[in-house]
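**Student:** Structure in structure tokens, see below.
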Amino acid sequence: MVYDNNKGGEYGNFIIQELREPVGLMTPEFRAVYEKFSKRILWMDGNACPGAFQMNTAWYHSVPERDPIFAEHEHGYGELIGFFGSNPGDPYDLGGIIEFSINKEAHKLTRTSLIFVPGGVAHNPLRILEVTRPIFHFSVVANHEYAEAKDVYK
């Protein structure tokens, strides 16, 4: 049996194809700022799909009016963070400049990047300094929800 997208079957509910916004994560003020420079695509966590770890996906399409956009924080679990350029001719060209800090050590990114932040290590602030072409962003945490750093979305 073949099911269309996530309609039916025992595991259809494991396929997320529409944004299910995380509940209580962003203040209304931050959401208004976020929506001006970013378009969240999908969000997966244990609330959207029981047993899942948390993942966020979004397009960054402009420089935010707030700098830095995300504050320094840490989690008790590891996090994988990605920034991908959208130039099919050169997928390593980020199409902008992002400054990302790990334990107060700032790194300026101009190339497609994957970043691993071990649990307990402070990271951010995140500064989106330039966007010349949309940047695909994702983050994955080894936890069922993005729980310990909700103040990052204020």
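**Student:** For residues in segment 27-44 being open to solvent by 20 Å² or more (accessible area, probe 1.4 Å) and within 13 Å of the chain's Cα centre (by Cα), which is modelled with the lowest pLDDT?
**Tutor:** Looking at residues that are open to solvent by 20 Å² or more (accessible area, probe 1.4 Å) and within 13 Å of the chain's Cα centre (by Cα), I get Met44.
**Student:** In segment 72-121, which residues are in a loop (DSSP other than H, G, I, E, B), without any contact (Cβ under 8 Å) to a residue 60 or more places away in the chain, open to solvent by 70 Å² or more (accessible area, probe 1.4 Å) and acidic (Asp, Glu)?
**Tutor:** Hit for segment 72-121 is Glu72, nothing else.
**Student:** Inside segment 1-26, can you point out the residues that are at pLDDT 85 or above and among the hydrophobic types (A, V, I, L, M, F, W, C)?
**Tutor:** Across segment 1-26, the qualifying residues are Val2, Phe14, Ile15, Ile16, Leu19.
**Student:** Right, next: So, in segment 58-71, exactly how many residues are within 13 Å of the chain's Cα centre (by Cα) and either without any contact (Cβ under 8 Å) to a residue 40 or more places away in the chain or surrounded by fewer than 18 Cβ atoms within 10 Å (Cβ to Cβ) (or both)?
**Tutor:** 1
**Student:** Is it the case that some residue within segment 22-44 is of a type in the set (A, V, I, L, M) and without any contact (Cβ under 8 Å) to a residue 12 or more places away in the chain?
**Tutor:** Yes, the conditions are met somewhere in segment 22-44.
**Student:** Also, quick follow-up: Among what's in segment 72-107 and is of a type in the set (Gly, Ala, Ser) and under 16 Å from Val140 (Cα atoms), pick the residue that is modelled with the lowest pLDDT.
**Tutor:** By that ranking, first place goes to Gly76.
**Student:** Residues being in a loop (DSSP other than H, G, I, E, B) and small (Gly, Ala, Ser): count how many of those fall in segment 1-41.
**Tutor:** 3
The values are calculated or read from the model by the stated rules, or taken from the named source; none is laboratory data. No experiment lies behind these values; they were computed from the predicted model shown. Note: ideal-geometry Cβ built from the backbone for every residue, glycine included; neighbour counts use all protein chains shown. Side chains are part of the model used for accessible areas, which takes the heavy atoms of the whole protein and leaves out ligands, DNA and RNA. Shrake-Rupley method; radii C 1.70, N 1.55, O 1.52, S 1.80 Å.
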